[in-house]
Amino acid sequence: MTEQTEEIRLRLDAPPACRDCDGATLLLARFPHAWKNARGEDVTGVREAALCPARQRGEPAADELLALFLVDGQLDQANVTVFTALAAAWVQNIPVADGGSRRARR
Ligand SMILES: [Zn+2]
């Protein structure tokens, strides 16, 4: 398998409800993620993170992304570059709490 490039995919079309508060989210980002397992080996995978206005307001990187949503309303060709850059900064600030696993919460 070839090494993944640092690529973030943004989904704005009907992103899933927030896993923390079940509220509506603005976007879902999928991005490559690397961490070390218990034996100190590098493990890579893909994480998903949703931008939740209720939970993430107040975090600088999330605030910038939220502000762009308020101004532009949606992603288009004109703002995709700055949007992706802000999203990249945002996902880097998301704490790694679950090691990439998913917990089902219903
Ligand atoms: Zn939430």
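Coordinate-derived values only; no laboratory data. These figures come from a predicted structure and were not determined experimentally. Positions of Cβ are backbone-derived with ideal geometry, glycine not excepted, and every protein chain shown enters the neighbour counts.
Sparsely packed loop sites in region 1-93 (the GluC sites (Glu not before Pro) outside DSSP H, G, I, E and B with at most 11 other Cβ atoms within 10 Å) comprise 3, 6, 7, 41.
With coordinates expressed along the principal axes, the C-alpha atoms belonging to region 9-92 extend over 46, 29, 24 Å, beginning with the largest.
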